[in-house]
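**Q** I'd like to ask some things about the structure below.
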Amino acid sequence: MVSPPRSVTPDRTGRTPGGRPWLHYVAPMAGFLVLTAAEDVLPRPGGEVAPGAYAAFYAFKVAAVSVLAWLCRPAWRDLRPLPGLFWTSVAVATGLFVTLLWVALDGRVPSLPLTEGRTAFDPRGLSSPVQPLFLAARLYGLILLVPLIEELFWRSFVIRWIIRPDFRSVPIGRVTPLAAGASAALFALAHPEWLPALAAGLLWAGLLAKSRSVAVCWISHLTANLALGVYILATASWWF
């Protein structure tokens, strides 16, 4: 008689012990970075990317990364439980402060050798049916998708992995000075606006340590990007 397969209990992040739990954190972030780098190979007649080509590729990018994030959704369990009113208020205030830093330091900080500036894309060059669709995709990517995949990667995975490669054995919210500094430095190197990104990385690491909640960091990041998106639309600061 053949025994039935033994049931394996998933851990807190939904992974079974024999799997590769890091993939659920790394894959969406890696997909986003690879597709962002691929924008450099888009056709550039006259030296600039055709507006329609960029809009179509960006829509493909957010759709592809969204599928990856959904396939890796066991990592979303790290966002539970959602915070109460106090920590939500702290998260929102911190996010607004991050946006203030991002805007205030714009153009005042020299670039690092390893970072590249952003290429401004003005959506007003798109045709009328395409423009609102592109803006909707762009705001979805900025406000909902990027905070989700970045917080799960940087604050839930990277910080714990720096403390111990078997990151699942590290409780969410445990932050050491090395993990906070190293993750913030890597986060800064991933952004052209390295100084406000460094400050944001340190603030969110501190928020994680105090609240013991990745969801607090996610709400703060979402707030920062929402405020930045409103500022971009209001001032036509497309280079952000």
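**Q** Mind checking which of ALA50, ALA182, ALA59 has the largest fluctuation in a GNM of the chain, springs on alpha carbons under 10 Å?
**A** Taking springs between Cα atoms under 10 Å, the residue moving most is ALA50.
**Q** Compute the distance from the alpha-carbon center of the stretch 138-155 to that of the stretch 179-224, in whole Å.
**A** Cα centres, the stretch 138-155 to the stretch 179-224: 12 Å.
**Q** If you don't mind, another one. Would you mind classifying the stretch 120-185 by shape? Square roots of the alpha carbon gyration tensor eigenvalues, ordered a ≥ b ≥ c; an a/c under 1.5 is rounded, otherwise it is prolate if a/b is larger than b/c and oblate if not.
**A** Prolate.
**Q** Let me ask something additional. Where does each of TYR25, TYR54, TYR140 land when they are ordered by accessible area, with a 1.4 Å probe and the largest first?
**A** So, going from the largest accessible area down, we get TYR140, TYR54, TYR25.
**Q** OK, next. Roll a 1.4 Å probe over the protein heavy atoms and report the accessible area of SER211 in Å², nearest 10.
**A** The accessible area of SER211 comes to roughly 20 Å².
**Q** Further question on the same structure: Once neighbouring chains are kept in place and the probe is 1.4 Å, which whole percent of the accessible area of the stretch 77-155 is contributed by carbon and sulfur?
**A** The nonpolar share, carbon plus sulfur, comes to 66 percent.
**Q** Considering the chain as a Gaussian network with a 10 Å cut-off on Cα pairs, which listed residue, ALA180, ALA53, ALA30, attains the greatest mean-square fluctuation?
**A** ALA53
**Q** In Å and from the alpha-carbon atoms only, list the Rg and Dmax of the chain.
**A** That works out to 19.2, 73 Å for Rg and Dmax.
**Q** Restricting to Cα pairs below 8 Å that are 6+ residues apart, what does the relative contact order work out to for the chain? Please round to a whole percent.
**A** On the way: 277 pairs, mean separation 64.0, N = 240.
Computed over the chain, the figure is 27 percent.
**Q** Can you sort ARG80, ARG164 by 1.4 Å-probe accessible area, starting with the largest?
**A** These residues rank, largest area first, as ARG80, ARG164.
**Q** Excluding ligands, DNA and RNA, what is the solvent-accessible area per residue of the chain at a probe of 1.4 Å, expressed in Å²? Please report the intermediate quantities before stating the final value.
**A** On the way: 12750 Å² over 240 residues.
Heavy-atom accessible area per residue stands at 53 Å².
**Q** Are there DSSP H segments in the chain that both extend 20 Å or more along their axis (alpha-carbon positions) and score a mean Kyte-Doolittle hydropathy of at least 0.5? List them, or say none.
**A** Span-like helices in the chain: 23-38, 51-71, 85-104, 194-211, 214-235.
**Q** Determine the share of the stretch 185-240's accessible area contributed by carbon and sulfur atoms, expressed in whole percent, with a 1.4 angstrom probe. Please list the in-between numbers first.
**A** Working: 1570 of 2100 Å².
Whole-percent figure for carbon plus sulfur exposure: 74.
**Q** Rounded, prolate or oblate: which fits the stretch 63-146, taking a ≥ b ≥ c as square roots of the Cα gyration tensor eigenvalues, rounded meaning a/c under 1.5, else prolate when a/b beats b/c?
**A** Oblate, because a/c is 1.5 or more while a/b does not exceed b/c.
The values are calculated or read from the model by the stated rules, or taken from the named source; none is laboratory data. If you're wondering where the values come from, they're calculated on a predicted model, not measured in any experiment. Remember, those area values only see protein heavy atoms, side chains included, never the ligands or the DNA or RNA. Shrake-Rupley method; radii C 1.70, N 1.55, O 1.52, S 1.80 Å.
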